[in-house]
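Quick notes on the structure that follows.
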Amino acid sequence: QKEVEQDPGPLSVPEGAIVSLNCTYSNSAFQYFMWYRQYSRKGPELLMYTYSSGNKEDGRFTAQVDKSSKYISLFIRDSQPSDSATYLCAMSSNQAGTALIFGKGTTLSVSS
Amino acid sequence: GAVVSQHPSWVICKSGTSVKIECRSLDFQATTMFWYRQFPKQSLMLMATSNEGSKATYEQGVEKDKFLINHASLTLSTLTVTSAHPEDSSFYICSARTGLSYNSPLHFGNGTRLTVT
């Protein structure tokens, strides 16, 4: 089993839809969770950063972490064509020197 | 916000030649920078951790003599792909932490697309 699993999609939704992106993980030591957005031929851009369990909201984006289920989610409300990109989850443990572990990314397409 | 600048954004080179990629932190000092590699439709794979003033730490399976990393200042790290081969063609991305904590989030450059012919 891979440390981080993420459905690669592609996921296609109409403009204005609510999008749900998810990752599961196996390492219970993970404490820090991030979501990145990557446009084609560009580097990843940090969207959300959360610690431990709970919710975090930033504009149209909401990140949820359920450590008991080892499951994290990113919700996008009122999706826009400009949200079309690949979304990568990433996580790390609380141990010095550990690298971020990335999911494979989910490709999202929002049609107008 | 934090900005990581990477140059060049794309490069084409012939087999056997070397290519240098630069990564700069523009508005913060980065004692540690990270180099990733990404194949199409694949996730980012950490290649090495670049430490200012000391030797880089390479991940298992990454040839340190092929991927030379230099981190001579707090704002600049370079990756040199030596004796490039077509299988080295990939998207190389650098990143850095803006905070001192090892768990502060990573910020990424815009990547370098390398094509070896």
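The values are calculated or read from the model by the stated rules, or taken from the named source; none is laboratory data. All of these numbers come straight from a predicted model, not from anything done at the bench. Note that we place each Cβ from the backbone using ideal geometry, even for glycine, and neighbour counts take in every protein chain shown. The accessibility values were calculated without ligands, DNA or RNA, using every heavy atom of the protein model including side chains. Shrake-Rupley method; radii C 1.70, N 1.55, O 1.52, S 1.80 Å.
Going by accessible area, probe 1.4 Å, with all protein chains left in place, what is the ranking of A:Ile101, A:Ile18, largest first?
Solvent-accessible surface, decreasing: A:Ile18, A:Ile101.
Could you work out the equivalent-ellipsoid semi-axes for chain B, taking the square root of 5 times each eigenvalue of the Cα gyration tensor, largest first, in whole Å?
Semi-axes (√(5λ), whole Å): 23, 14, 13.
With viscosity set to 1.567 mPa s and temperature to 4 °C, compute the Stokes-Einstein D of the protein assembly as shown, Rh being the Kirkwood radius across alpha carbon pairs; µm²/s, no decimals.
Translational diffusion coefficient: 71 µm²/s.
What percentage of the solvent-accessible surface of the protein assembly as shown, computed with a 1.4 Å probe over protein heavy atoms, is contributed by carbon and sulfur atoms?
Reported share for carbon and sulfur atoms: 50 percent.
If one takes the accessible area of chain A alone plus chain B alone and subtracts that of the pair, with a 1.4 Å probe, what total in Å², rounded to the nearest 100, results?
1600
Which pairs break 29 Å Cα to Cα here: B:Lys41/B:Lys64; A:Lys67/B:Lys55; A:Lys104/B:Lys20; A:Lys42/B:Lys14; A:Lys67/B:Lys66; A:Lys2/B:Lys20?
Too far apart for the 29 Å limit: A:Lys67/B:Lys55; A:Lys67/B:Lys66; A:Lys2/B:Lys20.
Taking +1 at the Cβ of each Lys and Arg and -1 at the Cβ of each Asp and Glu, which of A:Ser92, A:Tyr51, A:Gln6 sits farthest along the dipole of chain A towards its positive end, judged by Cα position relative to the Cα centre?
A:Ser92
Please check chain A for the longest run free of trypsin sites (Lys or Arg not before Pro) that are loop-located per DSSP (anything but H, G, I, E, B) and have at most 14 other Cβ atoms within 10 Å.
Longest stretch, sites excluded: A:3-40.
Which three extents, in whole angstrom, do the alpha-carbon atoms of the range A:61-112 cover along their principal axes, largest first?
Per principal axis, max minus min of the Cα coordinates gives 44, 21, 14 Å.
If you place +1 on the Cβ of every Lys and Arg, -1 on the Cβ of every Asp and Glu, and leave all else neutral, what size is the dipole of the protein assembly as shown about its Cα centre, to the nearest 20 Debye?
280
Please figure out what share of the DSSP beta bridges in chain B is antiparallel and state it in percent, rounded to the nearest 5.
For chain B, the DSSP antiparallel bridge percentage is about 90.
Given contacts defined as C-alpha pairs under 8 Å and at least six residues apart, what's the relative contact order of chain B, whole-number percent?
Averaging sequence separation for qualifying contacts and normalising by length gives 36 percent for chain B.
Kirkwood Rh, Cα Rg: Rg to Rh for chain A?
Across chain A, the Cα-based Rg/Rh ratio is 0.96.
Which value, in Å² and to the nearest 10, is the accessible area of A:Asp66 when all protein chains are kept and the probe is 1.4 Å?
So the heavy atoms of A:Asp66 present about 60 Å² to solvent.
For a label point 7 Å from the Cα of B:Leu68 along Cα→C-beta, name the residues of the range B:1-22 whose backbone N is under 11 Å from it.
B:18-20
Just for the Cα atoms in the range B:61-117, what are the lengths along the principal axes, largest first, rounded to whole Å?
Extents along the principal axes, in whole Å: 39, 22, 21.
Below 8 Å, C-alpha to C-alpha, sequence gap of six or more: please give me the relative contact order for chain A in percent.
So the answer I get is 37 percent.
With a 1.4 Å probe and all protein chains in place, put B:Ile93, B:Ile12 in order of accessible area, largest first.
B:Ile12, B:Ile93
Which is the longest stretch in chain A that no exposed loop site breaks, taking sites as GluC sites (Glu not before Pro) with a DSSP loop state and at most 16 other Cβ atoms within 10 Å?
A:16-112
Might you report the magnitude of the Cβ-based charge dipole of the range A:6-112 about its Cα centre, with Lys and Arg at +1 and Asp and Glu at -1, to the nearest 20 debye?
Value, rounded to 20: 240 debye.
Could you calculate the FRET efficiency of A:Glu15 with A:Tyr39 from 1/(1 + (r/R0)^6), where r is the beta carbon distance between them and R0 is 22 Å, rounded to 0.05?
My answer for the efficiency is 0.80.
Taking the Cα-to-Cβ direction at A:Tyr71 and at A:Tyr51 and moving 7 Å from each Cα, how far apart do the two end points lie in nm?
2.6
For the range B:8-56, what number results from the quotient of the Cα radius of gyration and 2.2 N^0.38 Å?
1.38
Given a 1.4 Å probe and the protein chains all in place, what does the accessible area of B:His85 round to, in Å² to the nearest 10?
Looks like 80 Å² after rounding.
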